[in-house]
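**Student:** Let me begin by handing over the structure; questions about it come next.
The values are calculated or read from the model by the stated rules, or taken from the named source; none is laboratory data. Please read these numbers as outputs of a predicted model, since none were measured by experiment. Cβ coordinates were reconstructed from backbone atoms using ideal geometry, including for glycine residues, and neighbour counts include every protein chain displayed. Ligands, DNA and RNA are excluded from the accessible area calculation, which covers all protein heavy atoms including side chains. Shrake-Rupley method; radii C 1.70, N 1.55, O 1.52, S 1.80 Å.
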Amino acid sequence: MALLEINNVSKHFGGLKAVDQVSISIEKGQIYGLIGPNGAGKTTLFNCVAGTYPPTSGTIVYNGEDITVLKPWNVCKKRIARTFQIVKPFQKKTVLYNAMVGSFIRTANPSEAEDRAMEVLKRFNLGSKCNVLAGNLTIADRKRLEIARAMATEPEMFLMDESMAGLRPNEVDETLDEIRKIRDSGVTIFMIEHIMRAIMSVSDKITVIQFGKKIMDGTPHEVAKDERVIKAYLGESYGAA
């Protein structure tokens, strides 16, 4: 049985079909990529899974349970965490405070929440910056903090929305290593990313969507060679490579 099943999910905003009958099945332990042009509906689909938007139609089943109509906080309690395209920490609060926001989903005890948050911050090389205001962090460290805050919720599935956007090549490589370590710790990852070398190198399987519709899914090699994907998104030069 798949860990996450997205079954014919659509999300309409008036006459706009942002997501149009998309189905995706993600197995436990996978790193699963979602790619497509800007405006294809990728983040809207994430928002449906995370409970931000209720789907117009279709169902979302997680670990055998229908979570289609759950609110975001209840989805998180089911052990699904997420990051966002635009990182928005509590800038005037410390790094530790920001991480504790995540850990409070599992405990109401401040001491336990702090211990869990510190453990996660150290894991992502932010322990020494626990008392720094989040607004003073570099872009790379803000991205790490976003990941750490999500991981503090102790997820079993992690939705990562462009967690490498704006990073330098060496920082992308470091983030890829972190993503693999997260997967190796037992967390299934569903990720959106526009950096093709990154998502192609780390994903077990990829779904491509355009104008809200699924074009195809397959291994990174299959996706990179598919004429529909090349024409719609990757470009002829990528296919030739």
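**Student:** Name the one entry in A117, A140, A134 that is in contact with a strand residue (DSSP E or B) (Cβ under 9 Å, 6 or more places away or on another chain), without any contact (Cβ under 8 Å) to a residue 60 or more places away in the chain, open to solvent by less than 20 Å² (accessible area, probe 1.4 Å) and within 24 Å of M164 (Cβ to Cβ).
**Tutor:** Values: A117 fails: in contact with a strand residue (DSSP E or B) (Cβ under 9 Å, 6 or more places away or on another chain); A140 fails: in contact with a strand residue (DSSP E or B) (Cβ under 9 Å, 6 or more places away or on another chain).
Being in contact with a strand residue (DSSP E or B) (Cβ under 9 Å, 6 or more places away or on another chain), without any contact (Cβ under 8 Å) to a residue 60 or more places away in the chain, open to solvent by less than 20 Å² (accessible area, probe 1.4 Å) and within 24 Å of M164 (Cβ to Cβ) holds for just one of A117, A140, A134, which is A134.
**Student:** Can I ask one more? When only residues in region 38-56 that are hydrophobic (A, V, I, L, M, F, W, C) and within 11 Å of G212 (Cα to Cα) count, which is modelled with the highest pLDDT?
**Tutor:** Out of the qualifying residues, it is L45.
**Student:** Next question. Looking only at region 4-20, count how many residues are small (G, A, S) and part of a strand (DSSP E or B). It would help to see each step written out before you state the result.
**Tutor:** First, pick out the residues of region 4-20 that are small (G, A, S): 10, 14-15, 18.
From what's left, part of a strand (DSSP E or B): 10, 18.
Residues in region 4-20 being small (G, A, S) and part of a strand (DSSP E or B): 2 in total.
**Student:** Something else about it: Buried (at least 20 other Cβ atoms within 10 Å of the Cβ) and under 16 Å from the mean Cα position of the chain (by Cα), is that true of E146?
**Tutor:** Values: buried (at least 20 other Cβ atoms within 10 Å of the Cβ): yes; under 16 Å from the mean Cα position of the chain (by Cα): yes.
Here the answer is yes, as E146 does meet what is asked.
**Student:** How many of the residues in region 174-228 are among the basic types (K, R) and either part of a helix (DSSP H, G or I) or modelled with pLDDT under 95 (or both)? Full working, then the answer.
**Tutor:** Let us first name the residues in region 174-228 that are among the basic types (K, R), namely 180-181, 183, 197, 205, 213-214, 225, 228.
From the residues that got through so far, the ones that are either part of a helix (DSSP H, G or I) or modelled with pLDDT under 95 (or both) too are 180-181, 183, 197, 225, 228.
Going through region 174-228 one residue at a time, the tally reaches 6.
**Student:** Can you find a residue that is open to solvent by 70 Å² or more (accessible area, probe 1.4 Å) and in contact with a strand residue (DSSP E or B) (Cβ under 7 Å, 6 or more places away or on another chain) anywhere in region 213-220?
**Tutor:** If we filter region 213-220 for residues that are open to solvent by 70 Å² or more (accessible area, probe 1.4 Å), which is where we start, we get 213-214.
Narrowing further to those that are in contact with a strand residue (DSSP E or B) (Cβ under 7 Å, 6 or more places away or on another chain): 213-214.
Yes, that holds for at least one residue.
**Student:** In region 52-70, what residues are loosely packed, with under 13 Cβ neighbours inside 10 Å and either closer than 11 Å to N7 by Cα or basic (K, R) (or both)?
**Tutor:** Across region 52-70, the qualifying residue is only D66.
**Student:** Does K88 count as more than 18 Å from D177 (Cα to Cα) and without any contact (Cβ under 8 Å) to a residue 12 or more places away in the chain?
**Tutor:** Details: more than 18 Å from D177 (Cα to Cα): yes; without any contact (Cβ under 8 Å) to a residue 12 or more places away in the chain: yes.
Spelling it out, K88 is indeed more than 18 Å from D177 (Cα to Cα) and without any contact (Cβ under 8 Å) to a residue 12 or more places away in the chain.
**Student:** Given (1) in contact with a Lys or Arg (Cβ under 8 Å, 6 or more places away or on another chain); (2) open to solvent by 40 Å² or more (accessible area, probe 1.4 Å); (3) farther than 29 Å from F104 by Cβ; (4) not polar (S, T, N, Q), where does G39 come up short, assuming only one miss?
**Tutor:** Result: G39 fails condition (1) only.
**Student:** Further, regarding this structure: Given the structure, is K92 in contact with a Gly (Cβ under 7 Å, 6 or more places away or on another chain), loosely packed, with under 14 Cβ neighbours inside 10 Å and not hydrophobic (A, V, I, L, M, F, W, C)?
**Tutor:** Working: in contact with a Gly (Cβ under 7 Å, 6 or more places away or on another chain): yes; loosely packed, with under 14 Cβ neighbours inside 10 Å: yes; not hydrophobic (A, V, I, L, M, F, W, C): yes.
When the stated conditions are applied, K92 passes them.
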